[in-house]
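S.K.: One structure follows; several queries about it will come next.
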Amino acid sequence: MQLRRRLLQLLSDGQFHSGEALGAALGVSRMAVWKHLKALHELGLNFEVVRGKGYCLPTSVELLDDTAILAGAAADTRAALAAVDVLLEVDSTNNRLRQQALEGAPAGSVCLAEMQHAGRGRRGRAWVSPFASNLYLSLLWRSASGAESLGGLSLVTGIAVLRSLRAFGIDSAGLKWPNDILADSAKLAGILIDVVGESSGPCAVIIGVGINVAMPQPEAAGIDQTWTDLQTLTGRTDVSRNSLAARLLDHALPAIAEFESQGLQPFLDEWRRHDVVDGREVDLRLANEVIRGTARGIDAGGALLVDTAAGRRRFASGEVSVRVTS
């Protein structure tokens, strides 16, 4: 796997490289180079092959790099991180970090991947995760107070994502309860919280964030809702995923620390300012029914308030999916 990463680094400049030159740089044969390129192609990486010139990626590619992420992060962020693990491919960064949490990994451990084979959204939905296109990042946090105290964590993480996006000129994005970031009414990012441990005792929390950076159109065909990405919103093809990861960690770590010490209260006003569902007609999809009503913001505990035909009701994030209908 490390050899494939080195091969990608050699090709990441977008220039042609002969199989012979690549093999010499890597200390392997031209046939070995071809086999590794074929394996990368099967992961979804497209490259050009021209006789007499060699291999070339159609555009330059910025690979995720732990050194670049740490160099771009604030000093306080670097001090709070235990490890930054960058993988070429994985089933899911949340799954990987969950297993590491069970094995005793410390708080502040981070996992990123170029590609996920089984990326997950809420309620078991698939998260489309093409190679070297978007940001898939998971962060391990440990809580002494238990899962029962974590209501609202996805809302706080959403605020941290919004704050990080402002560094890239995304000022109009908003929050869709409980875990989505929208821009121009299209999904830009999502959050997945996994908890391992006691409901009222020590637990490990894995905070997963996926942000669409430059979603390839063929892979996007598998997405069942309106989506957008940073390339579309900014008109830029050079949005740095390493810089985005650094900014996300810069905002997520202090937000989580504040949430741990003060709860959701310090974040309520900011969340409500960016709530794109408040006042909209919505369908709430529960396990065995669909409830229609008008969203009325969130309460002090982070639950969604909805005016229905039967009166105002309160919904916790774990039990419901929300679709805006008007």
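S.K.: Quickly run through the range 302-316 and pick out the residues that are in a strand (DSSP E or B) and in contact with a strand residue (DSSP E or B) (Cβ under 7 Å, 6 or more places away or on another chain).
M.R.: Leu304, Leu305, Val306, Asp307, Thr308, Arg312, Arg313, Arg314, Phe315
S.K.: If you scan the range 56-69, which residues turn out to be open to solvent by 30 Å² or more (accessible area, probe 1.4 Å), free of Cβ contacts under 8 Å to residues at least 60 places away in the same chain and not β-branched (Val, Ile, Thr)?
M.R.: Pro58, Ser60, Asp66
S.K.: So which residues in the range 1-32 are surrounded by 16 or more Cβ atoms within 10 Å (Cβ to Cβ) and touching a Gly at 6+ places or on another chain (Cβ under 9 Å)?
M.R.: Matches in the range 1-32: Phe16, His17, Gly19, Leu22, Ala32.
S.K.: A follow-up question, please. Could you list, in sequence order, the residues of the range 65-80 that are over 22 Å from Gln9 (Cα atoms), in a helix (DSSP H, G or I) and over 19 Å from the mean Cα position of the chain (by Cα)?
M.R.: Result: Ala75, Asp76, Arg78, Ala79, Ala80.
S.K.: Can you name every residue in the range 22-57 that is at pLDDT below 85, among the aliphatic types (A, V, I, L, M) and part of a loop (DSSP other than H, G, I, E, B)?
M.R.: Residues satisfying the conditions are Leu45, Leu57.
S.K.: Let me ask something else. Hey, among Leu244, Leu305, which residue is modelled with pLDDT of 95 or more and either closer than 19 Å to Leu162 by Cα or within 22 Å of the chain's Cα centre (by Cα) (or both)?
M.R.: Within the list Leu244, Leu305, the selection yields Leu244.
S.K.: Which condition number does Ser138 fail, the rest of (1) surrounded by fewer than 20 Cβ atoms within 10 Å (Cβ to Cβ); (2) assigned to a strand (DSSP E or B); (3) among the small types (Gly, Ala, Ser) being met?
M.R.: Every listed condition holds for Ser138 apart from (1).
S.K.: Pairs needed: first member in the range 21-48, more than 28 Å from Ser129 (Cβ to Cβ); second member anywhere, acidic (Asp, Glu); C-beta distance under 7 Å; at least 6 residues apart or different chains.
M.R.: Listed by first residue and then by second, the contacts come to Arg30/Glu20.
Here's the yes/no breakdown for (1) buried (at least 22 other Cβ atoms within 10 Å of the Cβ); (2) touching a Pro at 6+ places or on another chain (Cβ under 6 Å); (3) closer than 12 Å to His274 by Cα:
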{"position": "Thr157", "(1), (2), (3)": "yes, no, no"}
{"position": "Gly169", "(1), (2), (3)": "no, no, no"}
{"position": "Gly174", "(1), (2), (3)": "no, no, yes"}
{"position": "Leu188", "(1), (2), (3)": "yes, no, no"}
{"position": "Pro202", "(1), (2), (3)": "no, no, no"}
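S.K.: Read through the list (1) closer than 14 Å to Asn134 by Cα; (2) modelled with pLDDT of 95 or more; (3) acidic (Asp, Glu), then give the number of the only condition that Asp238 fails.
M.R.: Here Asp238 clears every test but (2).
S.K.: Of all residues in the range 302-326, which are of a type in the set (A, V, I, L, M, F, W, C), touching a residue at least 12 places away in the same chain (Cβ under 8 Å) and surrounded by 15 or more Cβ atoms within 10 Å (Cβ to Cβ)?
M.R.: Ala303, Leu304, Val306, Phe315, Val320, Val322
S.K.: Moving to a separate point now. Hey, Val84 hits all of (1) closer than 28 Å to Gln9 by Cα; (2) open to solvent by 60 Å² or more (accessible area, probe 1.4 Å) but one; which does it fall short on?
M.R.: Every condition holds for Val84 apart from (2).
S.K.: Only residues that are closer than 16 Å to Leu88 by Cβ and out of contact with any strand residue (DSSP E or B) (no Cβ under 7 Å at 6 or more places or on another chain): list them for the range 9-32, please.
M.R.: Passing the criteria: Gln9, Ser12, Leu26.
S.K.: Residues that are crowded, with 18+ Cβ neighbours inside 10 Å and of a type in the set (D, E, K, R): find the helices (runs of 4 or more DSSP H) completely inside the range 210-301 holding 2 or more of those.
M.R.: Per the criteria, 241-262.
The values are calculated or read from the model by the stated rules, or taken from the named source; none is laboratory data. Keep in mind the model is a prediction, meaning the values are calculated, not measured. Methodologically, a virtual Cβ is constructed for each residue, glycine included, from the backbone with ideal geometry; neighbour enumeration extends over all protein chains shown. Just the protein is used for accessible areas: all its heavy atoms, side chains included, with ligands, DNA and RNA removed. Shrake-Rupley method; radii C 1.70, N 1.55, O 1.52, S 1.80 Å.
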